[in-house]
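Notes to accompany the following structure.
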Amino acid sequence: MSFWNAFSLPAAAALRISDRLLRRTPRASFPRVSQPLNRTLIALGRIERRIMRVAPLPVGLSLIGVLKP
């Protein structure tokens with residue numbers, strides 16, 4: 001078991017906290033992002049995959065597990 005999207009956690013937490021402080025309704029949709037930001041997020045995902053080959057990530061937005069027979 002490991003977490004996924006660890007690099008996105010600080011931004012997601014900041015957004016959630018700001019929503020609560022400003023009493024806004026939490027958003028569940030995925031906003032459109034610019035091409036450079038999208039490439040950056042893809043690169044971060046690749047880095048996370050490499051890290052997870054060596055050790056599980058301690059935090060993240062998603063939990064991932066693989067069953068092996």
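The values are calculated or read from the model by the stated rules, or taken from the named source; none is laboratory data. On a predicted model such as this, the values are computed, not experimentally measured, just so you know. For neighbour counting, all protein chains shown are included, and Cβ atoms are generated from backbone atoms with ideal geometry for every residue, glycine included. To get the accessible areas, we keep the full protein, side chains included, count just its heavy atoms, and leave off ligands, DNA and RNA. Shrake-Rupley method; radii C 1.70, N 1.55, O 1.52, S 1.80 Å.
Across the stretch 14-55, what is the total count of residues that are in a helix (DSSP H, G or I), under 25 Å from residue 1 (Cβ atoms) and of a type in the set (A, V, I, L, M)?
First, the residues of the stretch 14-55 that are in a helix (DSSP H, G or I): 14-21, 35-54.
Right, trim to under 25 Å from residue 1 (Cβ atoms) and you get 16, 41-54.
Of the ones still in play, those that are also of a type in the set (A, V, I, L, M) are 41-44, 47, 51-52, 54.
Qualifying residue count, the stretch 14-55: 8.
So which residues in the stretch 1-55 are open to solvent by 90 Å² or more (accessible area, probe 1.4 Å), out of contact with any Gly (no Cβ under 6 Å at 6 or more places or on another chain) and touching a residue at least 40 places away in the same chain (Cβ under 8 Å), if there are any at all?
7
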